[in-house]
Amino acid sequence: MYVATKGGERAIDAAHDWLAEERRGDPSVPELSIAQIREQMRLAVNRVMAEGSLYDPDLAALAIKQARGDLIEAIFLIRAYRTTLPRFGASLPVETDAMAITRRISATFKDVPGGQVLGPTFDYTHRLLDFKLAAEGEAPEAARKPADDTPAPHVLALLDRDGLMEPLEMSDAEPGDLTREPLEMPADRPLRLQALTRGDEGFVLSMAYSTQRGYGRTHAFVGELRIGTCAVEMEIPELGFSVEIGEVELSECETVNQFTGSKTEPPQFTRGYGLVFGQNERKSISMSLVDRSLRWEELGEDDTGAPAQDAEFVLYHCDNIQATGFLEHIKLPHYVDFQSELELIRRLRKAAGADMQEAAE
Amino acid sequence: MSSLNQDQIARRDRMGLLARAEPSRLEKLFPEIPVHELLRAPEAGAVMVRGRVGASGGPFNLGEMTVTRCSLRLEGGAVGHAYVQGRDKSHALRAAALDALGEAGSEQVAPILNALCAEEAARRTERAEKAAATKVEFFTMVRGEDQ
């Protein structure tokens, strides 16, 4: 229980002034611009867009600056801003098959049509601190090579063609939206994917990792990881046809997992799916592993009691804004609550004291 | 979408190109906005971006993106619409004006669209070439059993 109290205004104002000063840091050091954060802290911007659930690199960069680099606080700011925007509608589903690819790898096949494209990756770096970055240098330049137009179809589509993958049910059913209706169990796969794509990266990563360590093992292979930009198309009500309204960068991961089958169906590989705003492959791989482990029931697998199989546990705890809101509220004044606890413990001690005295006598 | 006529296809391509344009570039190419009546003043909002389960299954909600829209009518009566990514109101206003000019058959539009189209193609080529440079060319080492 909370009570309204007065008297903190002056202290709060002073705290906010000090926060502003601390945010700026040493004034002899040049101030960060939004453009600098957007361009040079791109992966932080991506995370804020994905978990803030709003694709707008400038706003995410502003939120990071305002939050002094606390990404969960920045995500909170974006979520709050998002609620002030009127929604014009929903896009057509993005066609990730037609993605302009910057990175695309498969861990299941060496030779895939369209090839393995490494893109701007930390993989194969030695993870040694590069002290050259501590000094200002010339802007580096990427190598180039003439591009061919070889299409890069989804790798899983190749397995699909041979009937080795579980078939996907194609539909145009209106998906549930947990930003409009509170999330209720059981949640179908579209809702689970929405919750996971905006879920906390660390939480989703840990859940995925737990499946690899044996808590609900799903034997995942990364069939394909692709990163690049996709056009976003929306039906324009005034015109009655759809138009491209922009482009978003996406990371998509499809996993190939162990089998399902039945008396009537031969064994087939099963799928896990991850799709996230921005270049964020750790999150997209994690998401696809957790998506797969949450599918145990529809695939007729055993409930081993693993945390990553428990949709209610995963989906109700993956949102870092809900989590931090509830967690941090306990630092707010609980004077009245605590007063009753104090009274209770005094009464208990009094009773216990009387009992002990009786026992001693 | 196969039922669109030539004019609708041209309009779809034009609106898409204007939506993807860099606002500052568009301002440079099209500084003077002609006299118009606003049917819908530029308004920032959000569009829910959707994906497909497993890339080709049913749709799911991925997250929103910021979009600004605008509708206007030129003096001659032509109506233009814009839905553009981001929160830049002048971007939406210029895109709607150019859409209306396109509907009116103005000769002012083609050079602007051509410039935007060429610049976009150059940006895309640059990215594709950088990606191509990181494409792995596998070769198999000589294996022991071959000897």
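Calculate one ³J(HN,Hα) per residue across region A:337-347 by plugging θ = phi - 60° into the Karplus curve 6.51 cos²θ - 1.76 cosθ + 1.60, and present them in order as whole Hz with x for glycine and proline.
Values per residue, Gly and Pro as x: 3, 6, 4, 5, 4, 4, 4, 4, 5, 5, 5 Hz.
Using DSSP to define loop residues, name the GluC sites (Glu not before Pro) in region B:100-143 whose beta-carbon has at most 16 other beta-carbon atoms within 10 Å.
Qualifying residues, ordered by number: B:GLU107, B:GLU137.
Please average, across the residues of B:119-131, the number of beta carbons from any other chain that are within 10 Å of each residue's own beta carbon, and give a whole number.
Average per residue, whole number: 5.
Hey, in the GNM for chain B with a 10 angstrom Cα cutoff, which one of B:ALA44, B:ALA110, B:ALA121 fluctuates hardest?
Top of the fluctuation ranking is B:ALA121.
Give me the angle, in degrees from 0 to 90, between the Cα long axis of helix A:71-82 and the longest principal axis of the Cα atoms of chain A, rounded to the nearest 10.
For A:71-82 against chain A, the angle is about 80 degrees.
Per DSSP H run of at least 4 residues, take -39500 (n - 2.57); add these up for chain A, divide by its residues and hand me the 222 nm value, nearest 500 deg cm²/dmol.
One gets -12000 deg cm²/dmol as the mean residue ellipticity at 222 nm.
What pairs from A:LYS283/B:LYS135; B:LYS89/B:LYS135; A:LYS132/B:LYS135; A:LYS110/A:LYS263; A:LYS65/A:LYS132 go past 30 Å between their alpha carbons?
From A:LYS283/B:LYS135; B:LYS89/B:LYS135; A:LYS132/B:LYS135; A:LYS110/A:LYS263; A:LYS65/A:LYS132, over 30 Å: B:LYS89/B:LYS135; A:LYS110/A:LYS263.
Which of the lysines could be linked to B:LYS130 by a straight reach, that is with a Cα gap under 17 Å, when you skip same-chain ones fewer than 8 residues away?
Straight-line reach from B:LYS130, under 17 Å: A:LYS145.
For region A:94-201, which chymotrypsin sites (Phe, Trp or Tyr not before Pro) are in a loop by DSSP, counting at most 10 other Cβ atoms within 10 Å?
A:PHE122, A:TYR124
Among the trypsin sites (Lys or Arg not before Pro) in region A:73-177, which ones are in a DSSP loop with at most 16 other Cβ atoms within 10 Å of the Cβ? Mind listing them?
Filter output for region A:73-177: A:LYS110, A:ARG127, A:ARG144.
Can you classify chain B as rounded, prolate or oblate using the Cα gyration tensor, where a ≥ b ≥ c are the square roots of its eigenvalues, rounded means a/c under 1.5, and otherwise it's prolate if a/b beats b/c and oblate if not?
In terms of gyration-tensor shape, prolate.
Can you tell me the orientation of helix A:281-293 relative to chain A, as the angle in degrees between its alpha-carbon axis and the longest Cα principal axis, to the nearest 10?
Once rounded, one gets 80 degrees.
How much of the DSSP beta bridge set in chain A is antiparallel, as a percent to the nearest 5?
95
Summarise the partner chain shielding of B:80-88 as one whole number: the mean count of Cβ atoms from other chains within 10 Å of each residue's Cβ.
Averaged over the peptide's residues, the number is 5.
If you line up the long axis of helix A:201-212 against the longest principal axis of chain A, both from Cα atoms, how many degrees apart are they, to the nearest 10?
That helix lies at roughly 70 degrees to the long axis.
Quick one: grab the alpha carbon gyration tensor of chain A, order the square roots of its eigenvalues as a ≥ b ≥ c, and give me rounded if a/c is under 1.5, else prolate or oblate depending on whether a/b is larger than b/c.
Note, shape of chain A comes out oblate.
What do you get for Rg/Rh over region A:9-82 if you use C-alpha atoms and the Kirkwood form of Rh?
We get a ratio of 1.03 for region A:9-82.
With a length cut of 18 Å (Cα positions projected on each helix's long axis) and a Kyte-Doolittle mean of at least -0.5, go through chain B and give me the DSSP H helices that pass.
Helices meeting the span and hydropathy rule in chain B are B:89-103, B:109-133.
Sequence neighbours fewer than 8 away in the same chain don't count; with that in mind, list the lysines whose C-alpha is under 20 Å from A:LYS6.
Reachable lysines: A:LYS331.
Just checking the output field for A:150-157: average partner chain Cβ neighbours within 10 Å of each residue's Cβ?
1
With a ≥ b ≥ c taken as the square roots of the eigenvalues of the C-alpha gyration tensor of region A:317-361, please select rounded if a/c is under 1.5 and otherwise prolate if a/b is larger than b/c or oblate if it is not?
Prolate shape, in that a/c is at least 1.5 and a/b is the bigger ratio.
5 Å is the cut-off here: which amide hydrogens, built 1.01 Å from N in the peptide plane, fall below it relative to B:ALA46, excluding neighbours closer than 5 in sequence?
Distant-sequence amide H within range of B:ALA46: A:ARG87, A:PHE88, B:VAL67.
Read-outs: derived from the displayed coordinates by stated rules, not from any lab. Keep in mind that this is a model prediction, so the values were computed, not measured. Because the Cβ atoms are built from the backbone with ideal geometry, glycine has one as well, and the counts that use them run over all protein chains shown.
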